[in-house]
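Down below is the structure, laid out as structure tokens.
Rule-based calculations on the coordinates, nothing more; no lab input. Remember, predicted model here, so these are calculated numbers, not experimental data. FYI the Cβ positions are ideal-geometry reconstructions off the backbone, even for glycines, and counts take in every protein chain you see.
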Amino acid sequence: MIDQYLYLAVILFVIGAIGVMIRRNALVAFMSVELMLNAANLALVAFAWHHASFDGQVASFFVMVVAAAEVVVGLAIIVSIYKTRRSTSVDNANLLSQ
Amino acid sequence: MIQLEIVDPVAATGLFGYAWLMIALPALGALVLLLFGRWVEKVGPYLAVATITGSFVIAVALFLQLLAAPPESRAVAAHLYTWFSTGSWQLDVGLLVDQLSILFALLITGVGGLIHVYSLGYMAHDARKRRFFGYLNLFVAAMLTLVLADNYLVLFVGWEGVGLASYLLIGFWQHKPSAAAAAKKAFVMNRVGDLGMVLAISAMLAQFGSSAFIDVNHGAATLTGPWVTAIGLLLLLGACGKSAQVPLQAWLLDAMEGPTPVSALIHAATMVTAGVYLVVRSHAIFDLSADARLAVVIVGTVTLLAGAWIGTSKDDIKKVLAGSTMSQIGYMMLAAGIGPAGYAFAIFHLLTHGAFKANMFLGAGSVMHGMNDDVDMRRYGGLAKYLPITFWTFAMGYLAIIGFPLTSGYFSKDHIIEAAFHESALVGTLALLGAGVTAFYMTRLMLMTFGGGKRWADGVHPHESPATMTVPLIVLAALSLVAGAAMNGWIQDWLEPAAGNHPHEVELLPTPIGWLTMLVVAAGVLVGWLVFGRKQIPAVAPQGNPLAVAGRNDLFGDAINDTLVVQPVLGLSRAAVATDAKALDGFVGVITTALGGLSVGGRKVQNGYVRSYALTMVLGVLVVGAVLILGLAA
């Protein structure tokens, strides 16, 4: 039974990873990162249900808090980059190569 | 097994304790003149003459002491100090004053002193004459070290010292490129001989644990296998380098670039005789090896003929005398190679040759002095009237070298020819032929220089040299006449303990071989007069037959050396340079290119694209995940 939850979690994680690698828009890449975090949450909760313990759910809470903090910081960075460059494409932010 | 008669030296007492002063005085003179010269600029040359006179006085005093001593205590060893002692090695510096070395010391300091006096006049107008006298003193100190040493290592120190002094003196007129090249050539060719010396000394150290004459003499009989012959041949190689014997003879003719007193002292009387000294001193080795003796005889015979050949075709007066020196030392080597029968004759001829050859070189210098330093005999002629003292003293030397009866050369050379005939008829005939050719080219020299009509260049006014130059000439001419007769009956017995020779009976009347020699010499003089005495000497050298062309080109010695040694070494160095440039640098270049390529590839990871960083992270996660999962499973 738990297998199906785990398959779903893996599929979501892979979709998120591919999304981060492929999508050019910074916001969409960010969303893919959130998707990966959610996949991890799902796996944690599934295991918590399977083992009938609360450890996985507590860990899931931590992940959600971290995800929220990360969103705040990440969106702030993306918005300030957009303000100066007028573009959300991650390809354009390649000054580190010099 | 040949029983060698080895005489052990006695310890030094009394005056012999001061034997080291003989070396120290000229060494001090050289030091002062070369290092503190500016303060002694005016008195410098006289200081040099004073030091060598001091050495001569000491040598004479020691000689008289040895004469008065009984024969078995005529070898005196003076231990000076321990050079170094490490582990089982102990190498000392000591002097051996015995019958052989005292004769050499007298020759070096006596003839050397006369040449120093001569140089006062000859080099009077040279701006660097203080240095010249410093180098001369340095040479005398080194040469005395060579002959007075009691072991081969100290002998080698003197050996190298005379090589250095020779280099400095040949290249004395350093503004002349030819002189600098000649000095370098002499030094490098000497080095080849030094290789033989070093190997021989190393062999002695390996076999006997010491290079002292005592140890080698006693231990020579215990050597097994090819060691005796090997050491003998290596010593011969060293002697060839120093004495300008074939195959290392090419430097002697170029060495005439140096001032004439240098040619007289170093390249006639003393340094070039060091090889003969070495062979006679090492008689213990040579007595035990017939092959090494045969090699010495062959070298001596070939050289005496080669030197005579070269002497017949040169127009430069000094080069004729240089060829003559080469030839006469060939005679000495021949005598030394004959073995116990010939050692004393080799030394006898060495001493008389020192006198008459130095006499003739200084005479040539006197002639050059009067002819504006011109050396070409084709521009001489008729000088007997204008340079009377030079002519008469030179004539004494001429008579001595051709072996005119009762002159010194007559006694010494005749003995060698007779000993050669006893050894083998072929060698004797070749030595006789050499005597005839010697008479021929020396007559040529005399006729071209002093006889015939004047062929002088413009503005040349021949004048006799000053007294400081003519007095040494007179002294040496006197020695050329009487030295032979004085030493003839005495030298063999004197040298017997030192050189291990067997004295022969010497009679007053010449033997049949002696008459034959006189006949051959007379024939040589006659042929010389027929060719050069009757007609006017051409101002330009004629084409000449192939023999003359070969002689004029030093028997193509330089070309042979070039083909056999110089070109292969040049080729080897070019190959080494090419290997270094291509192979080694190429190998290193491959490594650098590979690393560079790796860096170029590695640099692509950091391109500033966020997505490629994301890809890298994902790949990393996959790798870590695989390791964890597989690790847990295993």
Inset, instruction - Would you mind ranking B:Asp458, B:Asp215, B:Asp414 by Cβ crowding within 10 Å, fewest neighbours first? - result: B:Asp458, B:Asp215, B:Asp414
Inset, instruction - Only helical DSSP H runs with n ≥ 4 go in: add -39500 (n - 2.57) per run for the protein assembly as shown, normalise by residue count and round the 222 nm mean residue ellipticity to 500 deg cm²/dmol. - result: -23500 deg cm²/dmol
Legend entry - Range of Cα positions in chain B per principal axis (Å), largest first: 119, 63, 58
Legend entry - Whichever aspartates and glutamates have a C-alpha closer than 19 Å to that of B:Lys604, once near sequence neighbours (fewer than 8 apart) are set aside: A:Asp91
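Given a Förster radius of 35 Å and the C-beta distance between B:Ala548 and B:His502 as r, what FRET efficiency does 1/(1 + (r/R0)^6) yield to the nearest 0.05? Show your work: numbers first, answer last.
Numbers: r = 42 Å, r/R0 = 1.20.
Using R0 = 35 Å, I get an efficiency of 0.25.
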Inset, instruction - Could you tell me the distance between the Cα centroids of the stretch B:36-67 and the stretch B:325-402, to the nearest Å? - result: 25
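Could you compute the FRET efficiency for B:Phe36 and B:Val198, with r as their C-beta to C-beta distance and R0 at 41 Å, rounded to 0.05? Don't skip to the answer; put the middle values down first.
On the way: r = 34 Å, r/R0 = 0.82.
Plugging the Cβ-Cβ distance into 1/(1 + (r/R0)^6) gives 0.75.
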Legend entry - Cβ-defined net charge surrounding A:Val79, 13 Å radius [Lys, Arg +1; Asp, Glu -1]: +3
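Quote the FRET efficiency, to the nearest 0.05, computed for B:Gln536 versus B:Ala180 with a Förster distance R0 of 30 Å and r equal to the Cβ-Cβ distance.
Working: r = 38 Å, r/R0 = 1.26.
Between B:Gln536 and B:Ala180 the formula returns 0.20.
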Inset, instruction - Could you work out how far helix B:467-488 tilts from the main Cα principal axis of chain B, as a 0 to 90 degree angle to the nearest 10? - result: 80
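By count of other Cβ within 10 Å, fewest leading, how are B:His463, B:His369, B:His218 ordered? Don't skip to the answer; put the middle values down first.
Details: B:His463 10, B:His369 20, B:His218 15.
So the ranking, lowest neighbour count to highest, is B:His463, B:His218, B:His369.
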Legend entry - Calculated from backbone phi, Karplus (6.51, -1.76, 1.60) coupling profile of the stretch A:9-20 in Hz, x at Gly/Pro: 4, 5, 4, 4, 4, 5, 4, x, 4, 4, x, 4
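Chain B: longest stretch without exposed trypsin sites (Lys or Arg not before Pro) (DSSP loop, at most 10 other Cβ within 10 Å), sites themselves excluded?
Of all site-free stretches, the longest is B:43-384.
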Legend entry - Inter-site label distance for B:Val624 and B:Leu598 at 7 Å from Cα along Cβ, in nm: 2.5
Legend entry - Relative contact order %, chain B, counting alpha carbon pairs below 8 Å whose residues are six or more apart: 12
Inset, instruction - Assuming a ≥ b ≥ c are the square roots of the Cα gyration tensor eigenvalues, decide whether the stretch B:1-119 counts as rounded (a/c under 1.5), prolate (otherwise, with a/b larger than b/c) or oblate. - result: oblate
Inset, instruction - List the GluC sites (Glu not before Pro) within the stretch B:1-100 that fall in a DSSP loop (any state other than H, G, I, E or B) and whose Cβ has at most 13 other Cβ atoms within 10 Å. - result: B:Glu5, B:Glu41
Inset, instruction - Would you tell me the mean number of C-beta atoms belonging to other protein chains that fall within 10 Å of each C-beta in A:21-27, as a whole number? - result: 2
Inset, instruction - Place a label point 7 angstrom from the Cα of B:Val57 along the Cα-to-Cβ direction, then list the residues of the stretch B:114-131 whose backbone nitrogen is under 17 Å away. - result: B:114, B:117
Legend entry - Under 13 Å from the Cα of B:Lys318 - aspartates and glutamates, other chains or at least 8 residues apart: B:Asp254, B:Glu257, B:Asp373, B:Asp374, B:Asp376
Legend entry - Model label zone, B:Ala221; criterion: amide N under 16 Å from point 7 Å along Cα-to-beta-carbon; scope the stretch B:275-316: B:283-289
Legend entry - Long pairs among B:Lys185/B:Lys314; B:Lys185/B:Lys413; B:Lys385/B:Lys535; B:Lys129/B:Lys357; B:Lys242/B:Lys454; B:Lys42/B:Lys357, criterion Cα-Cα beyond 29 Å: B:Lys185/B:Lys413; B:Lys242/B:Lys454; B:Lys42/B:Lys357
Legend entry - Alpha carbon centroid spacing (whole Å) that separates the stretch A:6-48 from the stretch B:160-237: 90
Legend entry - Cα long-axis angle, helix A:55-85 against chain A (0 to 90 degrees, to the nearest 10): 10
Legend entry - For B:Ala149, residues with placed amide H under 5 Å, excluding near neighbours: B:Leu96
Inset, instruction - Could you give the C-alpha radius of gyration of the protein assembly as shown expressed as a fraction of 2.2 N^0.38 Å, taking N as the number of residues it contains? - result: 1.63
Legend entry - Gained length - B:Gln567 relative to B:Ala485, 0.36 nm times residue gap less alpha-carbon distance: 24.5 nm
